[in-house]
1. Hey, among A:171, A:141, A:184, which residue is of a type outside the set (Asp, Glu) and under 20 Å from residue A:26 (Cα atoms)?
2. Restricting attention to region B:3-28, which residues are within 17 Å of the chain's Cα centre (by Cα) and open to solvent by less than 30 Å² (accessible area, probe 1.4 Å)?
3. Being of a type in the set (Lys, Arg) and open to solvent by less than 50 Å² (accessible area, probe 1.4 Å) is the filter here; which residues of region B:52-81 pass it?
4. Take residue A:35 and tell me if it is under 30 Å from residue A:187 (Cα atoms), without any contact (Cβ under 8 Å) to a residue 60 or more places away in the chain and either acidic (Asp, Glu) or within 13 Å of another protein chain (Cβ to nearest Cβ) (or both).
5. Considering only region A:38-60, how many residues are out of contact with any strand residue (DSSP E or B) (no Cβ under 9 Å at 6 or more places or on another chain) and within 12 Å of chain B (Cβ to nearest Cβ)?
6. Output the qualifying pairs, or none if there are none: Cβ atoms under 8 angstrom, residues six or more apart or on different chains, first residue in region B:61-72 and at the interface with chain A (Cβ under 9 Å from one of its Cβ atoms) and closer than 15 Å to residue B:198 by Cα, second residue surrounded by fewer than 15 Cβ atoms within 10 Å (Cβ to Cβ) and aliphatic (A, V, I, L, M).
7. Could you check, for region B:1-14, whether at least one of its residues is away from chain A (no Cβ under 12 Å), on the phi < 0 side of the Ramachandran plot and modelled with pLDDT under 95?
There are 2 protein chains.
Amino acid sequence: MGSATIFFWLQLPNVTKSYRTALTITGIVTLIATYHYIRIFNSWSEAFTVASKDGGDYAVQLTGAPFNDGYRYVDWLLTVPLLLIELILVMKLPREETVSLSWKLGLASALMVALGYPGEIQEDLAVRWFWWCLSMIPFCYVVFTLAVGLNEATSKQPSPAAASLASAARYLTVLSWCTYPFVYMVKSVGLAGPAATMYEQVGYSLADVLAKAVFGVLIWAIAAEKSAVEGSGKLLPN
Amino acid sequence: MGSATIFFWLQLPNVTKSYRTALTITGIVTLIATYHYIRIFNSWSEAFTVASKDGGDYAVQLTGAPFNDGYRYVDWLLTVPLLLIELILVMKLPREETVSLSWKLGLASALMVALGYPGEIQEDLAVRWFWWCLSMIPFCYVVFTLAVGLNEATSKQPSPAAASLASAARYLTVLSWCTYPFVYMVKSVGLAGPAATMYEQVGYSLADVLAKAVFGVLIWAIAAEKSAVEGSGKLLPN
């Protein structure tokens, strides 16, 4: 995440001014994630210890300190609306559409994260499913708006390369977003204990790398391609 | 590794735009390595202690905390594909070739690292050799593709100096890459205990410095030479 941040910011001079805000925000998303993953790492390390009992095999033991998954939700509350805004900005829609889409998708996605948290910290399966369902309402709205909106935007890109990148961004968005509700369900279907916690953390971490760093590389590639096409158009009007 | 990162990034304004992405990634590789070597250092320090028993000679003792070699494999999973991409980018091949080579070599090298890990954390020699053999399949594919591809690319470099640097990058790649399977074998041939662990760690660390920092200096030298040749070509069209 940290390396991705530096990559995006070092690429700022290589894209035209129109795409620098999108690329700046892309780097901010992975920076916020870097910070929270350090907190998650430390909380995880404090919650578990690996020790050899009486010279036998190494085993993982609880230290008694709780692992705090709240860092992940605070991270999402900040990064998910920003992720959507970076995608809207790189599409370079008309100004009013940019502003209205940013507000609608930004607020809906923040609501989605906020509604997921009360269920995440619950053991009661019925309560977990209740919050999962509530959270899925803004989730479906955002994913549907993106899938439809990006389909339209794809056809308006200035070059075939930019169109194919925009189409890749669309598929990656749907794929990475849909991972989260499934990972959330790991514990809701009755799996419990260390294995469930491990699957959940690995699943969220993989989905985060896809949705933030890999998605960011696509945003950069779209910005670089459109900068090149629009830049050359300026120098050599056809 | 950290100093190499700073060197590469401070050199960014000294190369032309075409080579900045290659040099940015070169610095990211050594940055990721810096981070993981700090983790490896801390894990090593926590696993061993040097103490004097009853006022006698100092001796190394186990603390009970396990030394975690996983950091090395996570490092390789990220840096090895990036290393190959920096080499492909600095060669400035046609766009389609760059994209297809980056995908093929990137995925093959990630697979190579992933197949090596299950054997690395094993004591059973037969199982170690099994994963070593599996991992050698993508290894041979990558090294062979590089040796052949770099041979072709060398002849297409814009100046004798650039060609001799590209040829040096080729030899360094083959030399540093071939170090890893031999170091992996240290434990597979039956060596065990502290001496084997030490040889393995020293071997991997030396190979990493060659494959990341020294190799990165060559990438920078190629980028600088080609920037100078191509830049002067623009000013003095021939």
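The values are calculated or read from the model by the stated rules, or taken from the named source; none is laboratory data. These numbers were taken from a predicted model, which means no experiment stands behind them. Neighbour counts run over all protein chains shown; Cβ positions are idealised from the backbone, glycine included. Heavy atoms of the whole protein, side chains included, go into the accessibility calculation; ligands, DNA and RNA do not. Shrake-Rupley method; radii C 1.70, N 1.55, O 1.52, S 1.80 Å.
1. Every option except A:171 fails the conditions.
2. Matches in region B:3-28: B:4, B:5, B:8, B:22, B:23, B:24, B:25, B:26, B:27, B:28.
3. Once the filter is applied, which keeps residues that are of a type in the set (Lys, Arg) and open to solvent by less than 50 Å² (accessible area, probe 1.4 Å), region B:52-81 yields only B:72.
4. No.
5. Summing the residues that are out of contact with any strand residue (DSSP E or B) (no Cβ under 9 Å at 6 or more places or on another chain) and within 12 Å of chain B (Cβ to nearest Cβ) in region A:38-60 gives 7.
6. If the second residue must be surrounded by fewer than 15 Cβ atoms within 10 Å (Cβ to Cβ) and aliphatic (A, V, I, L, M), the pairs left are B:66/A:50.
7. Yes, region B:1-14 has at least one match.
The rows are residues; the columns are (1) surrounded by 17 or more Cβ atoms within 10 Å (Cβ to Cβ); (2) touching a residue at least 12 places away in the same chain (Cβ under 8 Å).
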| site | (1), (2) |
| --- | --- |
| A:140 | no, no |
| A:145 | no, yes |
| A:148 | no, no |
| A:174 | no, yes |
| A:177 | yes, yes |
| A:182 | no, yes |
